[in-house]
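The structure appears below as C-alpha cells.
A short reminder: the numbers here are calculations on the coordinates, not readings from a lab. Values in this document were obtained by computation on a predicted structure and should not be read as measured data. Because the Cβ atoms are built from the backbone with ideal geometry, glycine has one as well, and the counts that use them run over all protein chains shown.
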Amino acid sequence: MKRLPLLCLALLASVGVRAEWLTLSGTPGDDSSSYVQVDPTSVEADGSKRLVSLRMSLPQDRTSRDGIRYRSFQAQARVDCEARSARYVSATYFGHPNFVGEPVAVRHFEEDDLRTVSLAGARDLVTRTINAACAVRPREAVKEPQQPQPRPEGEPALLPR
C-alpha cells in the first residue's frame, strides 16, 4: 500500500500532468493533526539529484532553529538519490495551519547552511519523500525531426526504390 503514492508520483511527474498535491501522510485540511504532501509536477531531475516541492501542516505551533514560530510550511528540497539524503533549499513559514495567510518568514538556505529534511521527526516520511523524488527519471532530450532540405533548382527528386 505504501508503494501506491510512489507509483502515482512517478506516473504524474513522468507525463508532465499538472496535479494537486499528493498526500504522503495525514488528512489535508485537518487542523488537529499533521499531514505531509509533495507536488509531483514540481520534481526537476539533474542526474542523481532532484528538486521537489513539499509542505507540512502541524497540529500545534513549532519553532524553527532560527526562532521562527510556525504552524505550517512549504519548502523546496534537494534530494540526492545516491546518498539517500534530502536538504531544504528554501522554506516559507505560515503562522496558521494549511498554509493560510501571509507567510511569517521566507528563508533560502545556501549550500553551506545544511538544513536536513526531517519532517518533524517522521523519518519514514523523509524516506518516502526521497523514494518518490528519486522515482522520477530525467527526461531524455527530444530530437527534433529533420526537415527535408530544399533541393537545388533543376536537380531531379530522388524516388524511393
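Residue order for THR23, THR92, THR116, fewest other beta carbons within 10 angstrom first, comes to THR116, THR23, THR92.
Ordering ASP80, ASP112, ASP39, ASP66 by the number of other Cβ atoms within 10 Å of each residue's own Cβ, fewest first, gives ASP112, ASP66, ASP80, ASP39. The simple spin-label model puts a point 7 Å past each Cα toward its Cβ; for LYS49 and GLU110 those points are separated by 1.6 nm.
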